[in-house]
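Each remark here refers to the structure printed beneath this line.
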Amino acid sequence: MKTILITGGCGFIGSNFIRYALQQYQHWHILNLDKLTYAGNRASLADIENDSRYTFIQGDICDKELIDTLFRDNNIEGIIHFAAESHVDRSIIDATPFVETNVKGTMVLLDAVRQYGVDRFLHISTDEVYGELGETGYFNEDSPLQPNSPYAESKASADLLVHAYVRTFSIPAIITRSSNNFGPYQYPEKLIPLMILNAIHDEKLPVYGDGLHVRDWIYVEDNCSAIGIIFNEGKPGETYNISSGSELTNIDVVRNILKILGKPDTLIQFVKDRPGHDRRYALDNAKLLNATNWKPSKPFDESLIETITWYKDNERWWRPLLTKDYNQYRKKIYGEASTFNEKSKE
């Protein structure tokens, strides 16, 4: 068995990747280290909890003593580092946990790799580190880092730390930067699950500004397959962009969700734009395509239908998330447009 440490494995992409990895890599034993913040949910992995190749550990990547203990007690051969605070809106309210987890936590892991050694360290980053694009063009791996939100700044800082440890200490690290993920088990503060659940409840769907901000969408299962290939085949010291080339405006995504659910466009409510809201992201994935045999498995529309169907069929997973705290947070961000009334909770 090959022991792989997954950080943040109870989060959205992390939980999807663990399920994917257990299916694809029979020789892996996965240690899932997760702090279980508001966005970390053990229920996302309830179906594999009893798999003998899976071990859950609750803990913080910033806890150096815990990380040292994990390395001393386990023959960890690789790390895939998902753990991060990831929501731009929350970083605007308070950047402190983003710097703490995304920067300091990454440094603690890198120091452990330096001390104990691993065959491969894969750092999961984001397209947001590149900043904002104009109406044309794409970011490639050599594009300068120009982050515009506290979240993106914290991820760019972590990327630079990884680069520095590769250069200074010859750590076998790789960075992936993916475009906007969507799919099952995504906490409903992000655009697509928020809009799905609001539409299901016939609540208003809050859309920032004019809704014409463009994002490059990728289905989470496709991102997971790319991450697996890069972890196994990627070249240490390199960065790989992961995208499917599915560029859509936010308003088009929202209208597609309403159409699939048979709901009226009158549910859309435009709200005040987010401070510093990047207008467009898009990634050039040629490096990944040329280096591997990876490609997206299905078109955006098909993946969106599968995602909506999953949320309709898995109320048991998302219903407990619609707490008073969640409602208060959404009201703080969007106003009354995104809150669930008492009738909709029944």
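Each reported figure results from applying straightforward, stated rules to the coordinates on display, with no laboratory input. Keep in mind it's a predicted model, so treat the numbers as computed, not measured. Quick reminder, even Gly has a Cβ in these numbers, built from the backbone with ideal geometry, and neighbours come from all protein chains shown.
Worth a mention:
- Amide H to amide H distances under 5 Å link residue 218 with 180, 181, 182, where only residues 5 or more positions off or on other chains count and H is placed in the peptide plane.
- Amide H contacts under 5 Å for residue 282: 139, restricted to partners 5 or more places along the chain or on a different chain, H placed in the peptide plane at 1.01 Å from N.
- Assigned charges on the beta-carbon of Lys, Arg, Asp, Glu; the chain dipole about Cα centre (debye): 320 debye
- Compared with the dominant Cα axis of the chain, that is its longest principal axis, helix 324-334 is turned about 70°.
- Summarising the amide proton neighbourhood of residue 76: residues at separation of 5 or more, or on other chains, whose placed amide H is nearer than 5 Å comprise an empty set.
- Partners for residue 312 among aspartates and glutamates (Cα-Cα distance below 19 Å; same-chain residues under 8 apart left out): 47, 189, 202, 203, 221, 301, 302, 346
- The share of C-alpha pairs in the chain whose separation exceeds 26 Å stands at 47 percent.
- Coupling constants for the range 239-252 follow from the phi torsions by the Karplus curve (6.51 cos²θ - 1.76 cosθ + 1.60, θ = phi - 60°), and in residue order they are 10, 10, 7, 10, 7, 10, x, 9, 8, 9, 6, 4, 5, 5 Hz; glycine and proline get x.
- Listed pairs 190/272; 204/324; 155/287; 298/331; 2/190 exceeding 24 Å between Cα atoms: 298/331; 2/190
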